[in-house]
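Below is one structure, written out as C-alpha cells; the observations come after it.
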Amino acid sequence: MKIIVAIKQVPERDAQVRIDSTGKWIEETDLQWALNESDAYALEEALQFKEQHGGEVVVVSAGPERVGSTIREALAKGADRAIHTDCNDLGERDALGVARLLAAAIRTEQPDLVLTGLQSDDLGYGQTGVILAELLGLPHASLILHVEKSEGGITVKRELEEGWFQNIELPLPAALTIQSGGNKLRYATLMGIKRAKTKEVRRLTAAELGVADEPAVTLERIAMPQKQKSTQILSGTPQEAAAALVEKLKFEVRVL
Amino acid sequence: MVQMPLTLAEPAHFSVVERLAFAVLGVASGALFWRRFGPILHKILESKRDPGFRLFPLGRRIRDFTWEVLCQAKVIRERPLPGLAHAFVFWGFCAFALVTINHCAVGLGVGFLSSEGWFSRLYFYLAGAFAIACAVGILGLFVRRFLVRPRWLGEKLSWESGFIAFLIFFLMVTYLAAFFVPAASHAAALLWWLHTLTLLVFLPIIPHTKHLHLVLSPATVFLSRGGFSDIPPLAGDEDFGLVAGADLTRLVSLQAYSCVECGRCTEHCPAANTGKILNPKEIILGLRGYLNEFGPKSAEPLLSKHIELEAPFQCTTCGACEFQCPVGIEHLPILVGLRRGAVNTGTWEDDHGAKLFLALERGSNALGMQATERDKFIQKQDFPIFDGTQEYCLWLGCMGAYDPKGREIVADFARVMTYLGTTFGVLRKEKCTGDPVRRLGNDLLFQQLTEANLDALAQNNVKKIVSICPHCVRTIQEDWKEYGLPPEVEHHSEFMARHLSRLPKPAQQETIVFHDPCYLGRYRDVYEEPRNIIKGAGHLVEAPRSRERSFCCGAGGGLAFLSEETGERVSHVRASELAGTGAQIVGTACPFCNSMLRDALTATGTSAPQLLDIAQLTARALPRLDSGNATSDVRESN
C-alpha cells in the first residue's frame with residue numbers, strides 16, 4: 001500500500017504577518033514556518049494506516065527551498081521518503097496551478113491512496129485536494145476524519161454539520177481531504193529527526209514536470225482585517241441592564 | 001613516669017599450623033570478596049564513558065570529598081542522631097585501618113606496632129576510644145533499624161544488616177577485651193583469632209550487600225558531576241538518553257552500585273510521599289537490578305522489568321533526593337535521562353505531554369495560547385520594548401505573559417523597578433525557555449527553543465535579564481549553555497533584595513510564611529534574599545519543611561502540564577502544611593508555585609491564607625500612582 005500525503009508549509013500560527021511591497025503577498029523574511037494543520041492530520045492518518053496495514057508513506061510538497069524544513073519534520077514523524085517540487089511562485093498560483101504541480105509529481109508514483117489537508121491555513125482555498133483528485137482521475141471524498149480498510153477498498157468517516165457523521169465506502173485508489181481533529185498528533189522526536197537525515201528527498205522543478213503556470217485566477221491584493229470595537233456598556237440597574245441585554249440578543253444579534 | 005595500667009595483649013607466638021590456617025583463610029576471604037566485587041567493578045568499567053566528564057579541576061572534588069566523606073557532614077546534618085552514630089562507625093573504621101593491618105601482620109609474624117613503643121601504645125588507646133564510640137554507634141543504629149524502624153528503611157527487616165552490625169560490634173569488643181587480658185596468654189590468642197575470623201567473614205559480605213558503599217561511595221562522591229541536576233549532553237547521533245543498558249554511563253553504574261538504601265531520597269520525595277509509583281530509591285535499585293541481570297551492554301529497555309515507564313514521569317524534579325543523598329548519587333540526571341530515552345525515541349505516550357510538545361512545536365508558549373495575547377498584555381501594561389538602551393531585559397516567561405496571576409506578579413515587579421528608577425524593556429517576541437521540555441526529556445524541542453531565544457537575545461543585544469520565574473532563570477543560566485552563551489540572568493528576589501534599603505515598608509505587619517521554590521533554593525542556593533524581602537514586608541514564619549528541605553508544590557519537571565491522577569495531590573499536601581502555620585499570608589517567589597498553591601489553598605478551607613508573590617508584597621508598600629495605574633488595570637481584566 002503506497003500512501004501519498006500532500007503537505008504545505010504555512011506561516012507559524014503565532015507569526016506576525018506583514019504585507020510586502022507588492023501588496024499581493026506577505027513579507028517572508030523573519031517569518032517562522034510550520035506544517036499546515038490539516039495536513040498534519042492527513043499525515044497522522046497516513047502513518048496510523050501504515051502502522052496497521054503496512055506499506056509506504058511518501059510526502060509531496062511544493063514550494064521554495066524553505067519547504068525543506070517542513071518536509072524533514074514529516075520525515076521525522078515517520079514518512080518514508082519525500083518529493084519536493086521546487087517553485088518560487090506558490091503565492092501567485094491558483095489552486096489549479098498548485099494541484100497541477102502536485103499531480104505531475106504524484107502520477108509517476110501510482111499511489112493507492114492520496115491524502116491531503118482540507119484547506120491551507122494561509123490562503124484557505126480548500127480546493128487543491130479536490131482538483132488534485134480530479135487531475136489524477138481518482139474517486140474523492142472530503143472532510144474525512146478516519147480511514148479504515150474494508151473489503152476491496154476503504155470506509156471513510158466524514159464530518160457533517162451539527163455532530164453528524166457519514167460513513168462511505170470507496171474503491172482504491174482514491175484521494176481524500178482530511179479534516180483537523182480526527183486523531184491525536186504525534187510529537188517530533190530527536191530520534192525521528194536523526195533518522196530523517198538519511199531518508200530520500202527527491203527534488204523536481206516545474207519545468208522538469210512540464211507544468212506551465214497559466215493562472216485562471218489572479219490574486220489582486222491582500223489586506224489586513226480592520227480592527228473594529230463594538231463593545232457596548234449597558235447602564236442602569238442590573239434588572240434594566242439584563243432586560244436591555246435580552247432585547248439586543250433577540251433583535252440585534254438574533255441568537256435567542 | 002606512671003606505668004599505664006592497660007596494654008593491648010597480642011599473641012607472642014604462632015605455630016606453623018596457625019600461620020598456615022591464617023594464610024589460607026585470608027586468601028579464601030579475599031577470593032570470596034573478589035568473586036563478587038570483580039564482576040561489579042567490571043560492569044562499572046564496561047559501561048559507556050560519560051560524555052562531557054572532566055576530572056579537573058580537582059579542588060571542588062577534594063572539598064566535597066573532605067566535607068561529605070571525611071567529615072560526614074551531609075550524613076550528620078540531614079539526620080543528626082543516626083548521622084552521628086554512622087560517623088562514629090566510619091571514623092572508627094578509619095582509625096582501625098592501621099590497627100587491622102598490624103593485626104594481620106602479627107599473624108604473619110611481621111607485626112610493626114608493638115605495645116611497648118610509645119607511638120603504638122598511644123595509637124592503640126586512640127583506636128580504643130574510637131572502638132568504644134564505634135560500638136556505641138553501631139548499637140544505636142541497630143536499635144534504630146530493628147526497634148524504632150523508620151518506614152523509609154523499608155517494610156522488610158534486613159537481617160544481613162543485623163548480622164553486619166553484630167560483626168562490627170564483635171570486632172570492637174574483641175579489640176577492647178584484649179586490653180584486659182595478660183599478654184601472650186591463651187586468652188590473648190583466642191581474642192586474636194575471634195577478631196581475625198570476624199574480619200575474614202566481614203570482608204566477603206561487603207560486596208554482597210548494601211555495605212558495598214564502604215568501598216564505592218568515597219569514589220562516587222569524589223567523581224560526582226558536581227553541579228545540581230547537571231544533565232549531561234547527548235553524545236553523537238545515536239544517543240537519545242537512557243534507553244537501554246548500553247546507554248548507562250560509568251557514573252550511573254557506579255552510583256547504582258553505591259546506593260546504601262538509607263531511604264533519605266524517599267523520605268523527602270514529593271511523589272513517594274503522596275502515593276505515586278515513583279520512589280527514587282527504587283529507581284537506583286532498579287538500575288542495579290538491571291545491571292545485575294542484563295549488564296551494561298544490553299539492548300533490553302531500561303523502562304520495563306526493573307523500572308516502570310510511568311515512574312520517572314511522576315518526578316517533579318524538585319531535587320530533594322539528589323540534595324539528600326549521602327553517597328553522591330545524582331538522581332536528576334538519571335530520572336531526566338530515563339525520560340529523554342522514552343521521549344526522544346517516542347516511547348512515551350501521554351495525551352497531556354503530547355499536547356505540551358505540540359503547543360511548543362507549533363507555537364511559542366507552554367500554555368498553548370496565541371502569542372497575540374502576550375502582545376495585548378504588553379500594550380495594556382505599557383511595558384517598554386527592549387531596544388538596547390535599557391539596563392535589564394524583563395523576561396516575562398510563559399506564566400508572566402499568559403497566566404492571569406503571573407501577569408499580576410510581573411506588573412507589580414515592573415512597578416518596583418520603575419519606582420527604583422531601573423530601566424528595563426521586554427522582548428517583542430519571546431519563546432518558552434524550554435524548561436518543561438528540558439525536564440521532560442524532549443531534547444529536540446529544547447534545542448529549537450533555546451536556539452530561537454539565544455538568537456533573539458543576541459539580536460537585541462541583551463546583556464542582563466531579570467525574571468520572576470526561577471524555572472526560566474535556571475534554564476537560561478545553566479541549561480542553555482549547551483547551545484550557546486546566555487546573557488547574565490537573575491531572579492527578581494535577588495534584584496529586590498539588593499535594593500531593599502530603598503524600598504518602603506508597609507504600615508501593617510502581617511505574618512507571612514515563605515514557601516521555598518525548588519528551583520530557587522536547591523537549584524540556585526537562594527534562601528536569604530526572599531526572606532529578607534519578606535522580613536521587610538511583615539513577620540516571617542518558617543514552614544515545618546523549609547530551605548533545603550522545602551517540599552515541592554508539584555509543578556516542576558513539566559508536571560504542571562501533565563495530569564496527577566495517582567494518590568494525593570502534592571500541592572494539597574504542601575498547602576495544608578503552609579496553612580497549618582497559621583500565617584496570614586503565604587509568600588511565594590515562583591509563578592508555578594503560585595499557580596499550584598492557588599487552587600490547593602482554596603481546597604484547604606475557608607480561612608485559607610492570602611497568597612502573594614514577593615513582588616506583590618513589595619509593591620503593596622509603594623506609593624499609589626495616579627488613577628488608572630497599570631496594576632489596577634490588570635486586576636480588572638482578569
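The values are calculated or read from the model by the stated rules, or taken from the named source; none is laboratory data. Note that this is a predicted model, so its numbers are computed, not measured. Backbone-built Cβ (ideal geometry, glycine too); neighbour counts: all protein chains shown. The accessibility values were calculated without ligands, DNA or RNA, using every heavy atom of the protein model including side chains. Shrake-Rupley method; radii C 1.70, N 1.55, O 1.52, S 1.80 Å.
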Q: With r as the distance between the Cβ atoms of residue B:62 and residue A:66 and R0 = 60 Å, compute the FRET efficiency 1/(1 + (r/R0)^6) and round to 0.05.
A: 0.65
Q. With charges set only on the Cβ (+1 for Lys and Arg, -1 for Asp and Glu), what does the dipole of region B:16-221 come to about its Cα centre, in debye to the nearest 20?
A. 800 debye
Q.
Can you tally the net charge around residue B:622? Count Lys and Arg as +1, Asp and Glu as -1, for every other residue whose Cβ sits under 12 Å from the Cβ of residue B:622.
A. +4
Q: Classify region A:2-209 as rounded, prolate or oblate from the Cα gyration tensor: take a ≥ b ≥ c as the square roots of its eigenvalues, call it rounded if a/c is under 1.5, otherwise prolate when a/b beats b/c and oblate if not.
A: rounded
Q. Ranked by accessible surface with a 1.4 Å probe, highest first, in what order do B:395, A:25 come?
A. A:25, B:395
Q: Hey, can you grab everything whose amide H is under 5 Å from the amide H of residue B:244? Only 5+ residues off in sequence or another chain; H modelled, so Pro and N-termini drop out.
A: B:302
Q: Round to the nearest 10 and give me the degree value, 0 to 90, for the angle of helix B:16-46's Cα axis relative to the longest principal axis of chain B.
A: 20 degrees
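Quick one: if the Förster radius is 51 Å, what FRET efficiency do residue B:46 and residue B:451 give, using the C-beta to C-beta distance and rounding to 0.05?
0.90
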(Q) If the only charges are +1 at each Lys and Arg Cβ and -1 at each Asp and Glu Cβ, what is the size of the charge dipole of region A:118-230 around the Cα centre, to the nearest 20 debye? (A) 860 debye
Q) What do you reckon, how do B:147, A:118 stack up by accessible area (1.4 Å probe), largest on top? A) B:147, A:118
Q: Give me the angle, in degrees from 0 to 90, between the Cα long axis of helix B:159-177 and the longest principal axis of the Cα atoms of chain B, rounded to the nearest 10.
A: 50 degrees
Q: Select from region B:442-456 all residues whose loss of accessible area on going from the chain by itself to the full protein assembly reaches 30 Å² or more (probe 1.4 Å).
A: B:444
Q: Would you mind working out the magnitude of the charge dipole of the protein assembly as shown relative to its Cα centre, with +1 at each Lys and Arg C-beta and -1 at each Asp and Glu C-beta, to the nearest 20 Debye?
A: 3060 debye
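Could you work out the relative contact order of chain B, using alpha carbon pairs under 8 angstrom and six or more residues apart, expressed as a whole percent?
Computed value for chain B: 12 percent relative contact order.
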Q. Which residues in region A:79-120 have a backbone N closer than 13 Å to a point placed 7 Å from the Cα of residue A:200 along the Cα-to-Cβ line?
A. A:80-84, A:109-110
Q: Whole number in Å², please: accessible area per residue of chain B, 1.4 Å probe, ligands, DNA and RNA not counted.
A: 42 Å²
Q) What is the helix-to-structure angle for B:371-381, meaning the angle in degrees between its Cα long axis and the longest Cα principal axis of chain B, kept from 0 to 90 and rounded to the nearest 10? A) 70 degrees
Q. Under the classification rounded if a/c is under 1.5, otherwise prolate if a/b is larger than b/c and oblate if not, where does region B:224-344 fall, given a ≥ b ≥ c as square roots of the Cα gyration tensor eigenvalues?
A. rounded
Q) If the cut-off is a Cα-Cα distance under 15 Å, which aspartates and glutamates reach residue B:297, setting aside same-chain residues fewer than 8 apart in sequence? A) B:46, B:50, B:238, B:239, B:247
**Q.** Cα radius of gyration and Dmax for region B:323-390 (Å)
**A.** 19.1, 52
Q.
At a threshold of 8 angstrom on Cα-Cα distance, excluding pairs fewer than six apart, so keeping six or more, what relative contact order does region B:16-221 reach in percent?
A. 27 percent
Q. Toward the positive end of the charge dipole of chain A, about the Cα centre and with charges on Cβ (Lys, Arg +1; Asp, Glu -1), which of A:135, A:3, A:209 goes farthest?
A. A:3
**Q.** Added length on full extension, which subtracts the Cα-Cα distance from 0.36 nm per residue, residue B:498 to residue B:25
**A.** 163.6 nm
Q | Dipole of region B:406-460, positive direction: furthest Cα of B:427, B:448, B:414, with charges on the beta-carbon | A | B:414
Q. Hey, what do the phi angles of region A:13-22 turn into as Karplus ³J(HN,Hα) couplings, whole Hz, using 6.51/-1.76/1.60 and θ = phi - 60°, x for Gly and Pro?
A. 3, 8, 5, 9, 8, 10, 7, 7, 5, 6
Q: Using only protein heavy atoms and a 1.4 angstrom probe, determine the accessible area buried between B and A, summed over both sides, in Å² to the nearest 100.
A: 2300 Å²
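Using the Kirkwood radius over C-alpha pairs as Rh, can you work out the diffusion coefficient of the protein assembly as shown via Stokes-Einstein at 25 °C, viscosity 0.890 mPa s, in µm² per second?
Working: Rh = 32.2 Å.
The estimated diffusion coefficient comes to 76 µm²/s.
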Q: Considering the options B:62, B:169, B:108, tell which one lies farthest towards the positive end of the dipole of region B:16-221, charges being +1 on Lys and Arg and -1 on Asp and Glu at the Cβ, about the Cα centre.
A: B:62
Q.
If you roll a 1.4 angstrom probe over the protein chains with everything in place, what fraction of the accessible area of the protein assembly as shown belongs to carbon and sulfur, to the nearest %?
A. 57 percent
Q | Threshold 30 Å² - residues in region A:148-194 whose accessible area is reduced by that much or more when the chain is no longer isolated, probe 1.4 Å | A | A:184, A:185, A:187, A:188, A:189, A:190, A:191, A:194
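For a quick protection proxy, order the peptides A:98-110, B:149-161 by their average other-Cβ count within 10 Å, most packed first.
Per-residue mean Cβ counts within 10 Å order the peptides as A:98-110, B:149-161.
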(Q) I need the per residue convex hull volume for chain B, using only the alpha carbons, in cubic angstrom as a whole number. (A) 186 Å³
